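The values are calculated or read from the model by the stated rules, or taken from the named source; none is laboratory data. Remember, it's a predicted structure, so these values are computed and weren't measured experimentally. Backbone-built Cβ (ideal geometry, glycine too); neighbour counts: all protein chains shown. Calculation scope for accessible area: heavy atoms of the full protein, side chains included, ligands and nucleic acids excluded. Shrake-Rupley method; radii C 1.70, N 1.55, O 1.52, S 1.80 Å.
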Amino acid sequence: MRKCLLIICLCAGLGTAAQTCTGGLGDPIVDITFGQGAGWGPPLAAGITNLGFQAADCPEDGYYTIANRTADCFVDSWWSLTQDHTGNPKGYFMLINASYQPSQFYVETVDGLCGNTSYQFAAWVLNLIRGQQEIEPNITFRIEKTDGTVLQTFDTGNIPQTNSPIWNQYAFYFNTPPGINTVVLRMINNAPGGIGNDIALDDITFRTAGASIENTVVGYPSDTLNLCVNAQPTLNINAMVESCYPSTSMQWQESVDTGKTWSDLAGALSTGLSRAPTAGGLYLYRLSVAQSGNLGIATCEVESQPVEVNVIPVPNPAISIALASDTNCAGSPVTINATVTDPGPNPFYQWLVDGTVISSSSGGVIKSLMSYPLQNGQIVTAKMQSDAACLTGSGYAASNAIVVPVIPIPVTAVSVAASAVQICADSIVVFTATPDNGGAGPHYQWQVNGVKAGGDSSVFDDAGLRNGDVVNVSMTADLVCSQAVQDPQGVTMTIYPLPAISMDTAIVIAGGSSVRLAPAVTGDIASFSWTPLTGIEDAGSMTPVVKPVGTTAYTLRVVTLDGCKAAATEKVEVFYDVRLPEGFTPNGDGHNDLFRVPPGIPVVIRRFAVYNRQGEMLFYTTNVGDGWDGTYRGQPQPAGTYVWFVEYNDPVTKRMAEKQGTVLLIR
């Protein structure tokens, strides 16, 4: 994202005594950055803007938001922004969709200024419109006294559209009249809103403007110095100060916290500063300049760019080493970490085991000694050759020595036993692991054909094994440096298939007739049996003829040559006829109270009705379980003869059949 700077010098005519220099700038008196954070920022304080606030990427006409991004607004007619003007992706800026009529959209009161002093106002503005001929923003910046008297104005003119999102800084200078310490900033939108005139606003600053100051260090080409603490000379810093005040005061200042705070240097009140040698550290020096009487007032003075003096202490190269872990197992890499002091930008390192160099490296941060298997009792040391600045000795450093304790791998074993190794397919097998030197709480991982199964237990069962599956277990003993071991063989399973029987689920025959049962059986059958034997004419046949007197369920059981079993049942229903009782006694004694199709008859009715002698239907149902209780519309019917009619599906012929007759209601 590109940036442009436009600075206009507009100074009020305040007489020859007014300060008009603008070559130097003080620290910001006002620095409105709108903050930073995630999501949308908070709305501005009341009275600063006449626009409404919307927490949205794309505020509507007459609204603004405080945002760190905007994208895909108004059919992509705005530029998409992902950071503020400084490049901070979390930095907020004010996103403005102008009101329909020109208006004052930003007002800020600035206090604590000095009279008869020059100031710079600056703000960064970006035209949001892209790729369309729409209304261009046009802004007037106006500086007023608190009574509304205009001190200075600056017009941006039309801010043109650009081929990419470009932040422009608009800055101008103005003088405060004598005795004026407070001014009002107004930003006025001169163009109408609606279609265009949309901007982003960021980093509004007020700074004291005054004399330009150029610092030099005698004998040095730069204002950034690196000096050794034991070889630092007395430094002479000279400042060339522009002459622009009727009477000028100045003060040298020092910072020892990278410019966060500054303190005055006693007696350093001229353009020259003599700096005596100091202890090590980073020191910054600047000259503060102001109109006499205003020095020491932050809002009235300007400061030079700082001279940076970095005093480097005498380095003391050192290296120490330590084991990363107290547990070092035989055959495994051992990690030893090194801590160094004052290595310099390009040190040289060596690792030694029992005095023999095993590793060397140059430059960068020293790495740990890794992936090097050691034996118990070997001695590890390290060396470093520092090239730090300001060395007074050789720069050589040797580490402490470490005797590395290496723990041998314990000898462990595990065996697996199964409750059975030859089973039928529906059987459950229980496997048990027996550890040898497993410690107090060994850990287990069961496997079927190398695939993990089961939990962390010495017992494992499975009912879904297949023929040829191999079951094994991995055990890790509860001992230091133990490694996982397996049963060398595991258990190979023999799974016999189950026989299968397929039979009709139900057969219906007429009373007195017979039927042949014809089950389909697979497997190598060694024996079979039928139960019950009632009605079976040849129990020694796998396809016997049966002639049951009543409905009977016949079960066939088979056993294979491998001893695997199966069973299946076929129900033979016997249908004699639809016969209804000749009478019933609906007296509520629980016996013969309903007139219905007897429950033992295996039949599905389509309709069942009862009529009186006049042909009036008194009862009707399609449910074979329902019956007539001798009433009609809740009234008991008189004793006598009634006509019944039933329509049903004959289970033998598979056709519809009808029956009718009479029943005697007895009271």
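Which longest uninterrupted range of the chain lacks any chymotrypsin sites (Phe, Trp or Tyr not before Pro) assigned by DSSP to a loop state (not H, G, I, E or B) and surrounded by at most 15 other Cβ atoms within 10 Å?
101-575
Here segment 364-492 has 53 percent of its accessible surface on carbon and sulfur atoms, given a 1.4 Å probe and all protein chains in place. For a straight C-alpha distance cut-off of 14 angstrom, the aspartates and glutamates reachable from residue 145 (same-chain residues fewer than eight places away being disregarded) are 108, 111. Its Cα gyration tensor gives the chain an equivalent ellipsoid, and the semi-axes of that ellipsoid, as √(5λ) in whole Å with the largest first, are 100, 55, 19.
Taking every alpha-carbon pair under 8 Å whose residues sit at least 6 apart, segment 285-327 reaches a relative contact order of 33 percent. Working from label points 7 Å from Cα in the Cα-to-Cβ sense, the residue 72 to residue 266 distance is 6.6 nm. Each of residue 549 and residue 330 was given a label point 7 Å from its Cα along the Cα-to-Cβ line. The distance between the two points is 8.6 nm.
How many Å² of accessible area per residue for the chain, probe 1.4 Å?
49
Counting alpha carbon pairs within less than 8 Å and at least 6 residues apart, what relative contact order, in whole percent, applies to the chain?
That works out to 8 percent.
Share of carbon and sulfur in the accessible area of segment 584-623 stands at 50%, probe radius 1.4 Å.
Assigning unit charges at the beta carbon (Lys, Arg +1; Asp, Glu -1) and nothing else, what dipole magnitude in debye, to the nearest 20, does the chain show about its Cα centre?
That gives the chain a dipole magnitude of about 1240 debye.
Here the label points at residue 53 and residue 649, each 7 Å from Cα along the C-beta direction, are separated by 7.6 nm in the simple model. Here segment 559-609 is assigned +1 on the Cβ of each Lys and Arg and -1 on the Cβ of each Asp and Glu. Its dipole about the Cα centre then comes out at about 220 debye. Taking a straight line from the alpha carbon of residue 383, these aspartates and glutamates sit under 17 Å away, with near neighbours fewer than eight places off in the same chain left out: 342, 354. On the beta carbon distance between residue 61 and residue 82, with R0 = 25 Å, the FRET formula returns roughly 0.55. With θ taken as phi - 60° and the Karplus curve 6.51 cos²θ - 1.76 cosθ + 1.60 applied, the whole-hertz 3J(HN,Hα) list for segment 521-526 is 10, 10, x, 7, 7, 9 Hz, x standing for glycine and proline. Backbone amide hydrogens, once placed in the peptide plane, bring residue 329 within less than 5 Å of 407, excluding anything fewer than 5 places away on its chain. Computed in the context of the full set of protein chains, the accessible area of segment 267-346 at 1.4 Å probe radius has 52% of its extent on carbon or sulfur. What the phi angles of segment 200-210 give under the Karplus curve with 6.51, -1.76 and 1.60, with θ = phi - 60°, is a coupling list of 10, 10, 8, 6, 8, 10, 10, 9, 5, 10, x Hz, glycine and proline written as x.
Compute the FRET efficiency between residue 135 and residue 31 as 1/(1 + (r/R0)^6), taking r as their Cβ-Cβ distance and R0 = 22 Å, and round to the nearest 0.05.
0.10
Would you work out the charge dipole size for segment 20-178 about its Cα centre, treating the Cβ of every Lys and Arg as +1 and the Cβ of every Asp and Glu as -1, and quote it to the nearest 20 debye?
200
The lysines within cross-link reach of residue 90, meaning a Cα-to-Cα straight distance under 25 Å and a gap of 8 or more places when in the same chain, are 3, 260.
One decimal place: the segment residue 357-residue 526 gains 53.0 nm when fully extended, by the rule 0.36 nm per residue minus the C-alpha distance. For residue 571 and residue 631 in the same chain, what is the full-extension length gain: residue separation times 0.36 nm, less their Cα-Cα distance, in nm? Full extension of this stretch gives 17.8 nm more.
Coupling constants for segment 583-591 follow from the phi torsions by the Karplus curve (6.51 cos²θ - 1.76 cosθ + 1.60, θ = phi - 60°), and in residue order they are x, 8, 10, x, 10, x, 8, x, 10 Hz; glycine and proline get x. Annotation: for a label point projected 7 angstrom from Cα along Cα→Cβ of residue 240, residues of segment 289-324 with backbone N closer than 17 Å are 304-307. Checking the cross-link pairs 547/654; 452/565; 571/654 against a 25 Å limit on the alpha carbon distance flags 452/565 as lying beyond it. Dipole orientation for the chain: of the candidates 325, 567, 488, 567 has the Cα lying most toward the positive pole (charges on Cβ; Lys, Arg +1; Asp, Glu -1).
The Rg/Rh ratio of segment 228-319, with both radii computed over alpha carbons and Rh defined as the Kirkwood radius, is 1.07.
One Cα centroid belongs to segment 307-376, the other to segment 589-667; the line between them spans 104 Å.
Once the chain from residue 417 to residue 100 is taken as fully extended at 0.36 nm per residue, the excess over their C-alpha distance is 105.3 nm. Most simply put, the chain has about 85% antiparallel DSSP beta bridges, counting only bridges with both residues inside it.
Residue 504: net charge of surrounding residues, Cβ under 14 Å, Lys/Arg +1, Asp/Glu -1, itself excluded?
Working: positive: 516, 571; negative: 570, 573.
With Lys, Arg at +1 and Asp, Glu at -1, the neighbours total 0.
Between residue 150 and residue 247, what FRET efficiency comes out of the Förster formula 1/(1 + (r/R0)^6) with R0 = 41 Å and r the beta carbon distance, rounded to 0.05? Working from the Cβ atoms, E equals 0.90.
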